[in-house]
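Peer 1: Once you've had a glance at the structure underneath, I'll fire off some questions.
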Amino acid sequence: MMDSNFKLERNDYGRLVLTTAAGEVVEGVVPVRAFPIAAPGEGIALVGPDGHEAGWIDRLDALPAALRQLVEEELGRREFMPEIRRLRAVSSFATPSTWSVDTDRGATAFVLWGEEFIRRLGKSGLLIEDSHGIHFLVRDINALDKQSRKLLDRFL
């Protein structure tokens with residue numbers, strides 16, 4: 001169980017910042033449910049941008065209301081995760097840039113603030129966070145068409 005003396009807040013970019021009881025600051029943590037179906041309110045890891053667990057919450061209902069709301073909002077954003085099937089265009093190879101993509105939920109466009117908002121998942125997956133905190137999933141870079149991979153390579 002994580003020490004109850006931790007602090008969790010949003011920075012100016014809308015990303016979560018964890019300050020542990022020991023004073024360690026981890027910017028860009030993401031809450032991840034350990035058991036999303038069997039026990040969605042129990043066992044939530046706060047994962048840092050390096051992919052390692054920076055903190056742990058045993059039970060959501062044990063958190064103060066404001067903190068619980070913050071974690072639930074972030075979980076809601078994270079769990080709404082369109083899967084990118086094709087990159088149609090990017091407005092510029094410098095960031096911020098607007099990406100036009102096809103997803104499993106239809107065509108859309110979003111703003112990427114910077115390369116640091118693209119997180120690797122394993123060997124060939126990516127998690128891309130847009131300017132509103134919505135996460136887009138690329139399950140396998142190698143499964144994308146040639147044009148999509150070429151556009152993506154400019155940001156990786």
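The values are calculated or read from the model by the stated rules, or taken from the named source; none is laboratory data. Note that the structure is a prediction, hence the values are computed from the model and not measured. In this analysis, Cβ positions are derived from the backbone assuming ideal geometry, glycine residues included, and neighbour counts consider all displayed protein chains.
Peer 1: Just one of Asp102, Asp130, Asp145 is exposed (fewer than 13 other Cβ atoms within 10 Å of the Cβ) and either assigned by TED's automatic domain parsing to the domain that holds Leu46 or touching a strand residue (DSSP E or B) at 6+ places or on another chain (Cβ under 7 Å) (or both); which is it?
Peer 2: Details: Asp102 fails: exposed (fewer than 13 other Cβ atoms within 10 Å of the Cβ); Asp130 fails: exposed (fewer than 13 other Cβ atoms within 10 Å of the Cβ).
The conditions single out Asp145.
Peer 1: I need a count of the residues in the stretch 92-108 that are over 15 Å from Ser148 (Cα atoms) and hydrophobic (A, V, I, L, M, F, W, C).
Peer 2: 1
Peer 1: Collect the residues in the stretch 41-58 that are part of a loop (DSSP other than H, G, I, E, B) and more than 21 Å from Arg120 (Cβ to Cβ), keeping them in residue-number order. First the steps, then the outcome.
Peer 2: Here is the first cut: in the stretch 41-58, the ones part of a loop (DSSP other than H, G, I, E, B) are 41, 48-52.
Once the filter is applied, which keeps residues that are part of a loop (DSSP other than H, G, I, E, B) and more than 21 Å from Arg120 (Cβ to Cβ), the stretch 41-58 yields only Gly41.
Peer 1: Let me ask something else about it. Condition first: free of Cβ contacts under 8 Å to residues at least 40 places away in the same chain and within 18 Å of the chain's Cα centre (by Cα). Now tell me which residues in the stretch 47-67 satisfy that.
Peer 2: Selection gives Val47, Gly48, Asp50, His52, Glu53, Ala54.
Peer 1: Still on this structure, please answer the following. Given the residues Leu75, Leu144, Leu152, Leu127, which is the only one that is over 27 Å from Leu16 (Cβ atoms) and of a type in the set (A, V, I, L, M)?
Peer 2: Numbers: Leu75 fails: over 27 Å from Leu16 (Cβ atoms); Leu152 fails: over 27 Å from Leu16 (Cβ atoms); Leu127 fails: over 27 Å from Leu16 (Cβ atoms).
Matching residue, one of Leu75, Leu144, Leu152, Leu127: Leu144.
Peer 1: In the stretch 122-151, what count of residues is obtained for those that are more than 11 Å from the chain's Cα centre (by Cα), of a type in the set (A, V, I, L, M) and within 20 Å of Arg77 (Cβ to Cβ)?
Peer 2: Count: 1.
Peer 1: While we're on this one: Going through Ala45, Ala54 one at a time, which residue ends up being within 19 Å of Arg119 (Cβ to Cβ) and in contact with a Leu (Cβ under 9 Å, 6 or more places away or on another chain)?
Peer 2: Ala54
Peer 1: Sticking with this structure for a sec: Pick from Glu9, Glu24: which is at pLDDT 90 or above and under 12 Å from Gly55 (Cα atoms)? Give the steps one after another, and end with the answer.
Peer 2: Values: Glu9 fails: under 12 Å from Gly55 (Cα atoms).
Glu24 is the lone residue from the list that is at pLDDT 90 or above and under 12 Å from Gly55 (Cα atoms).
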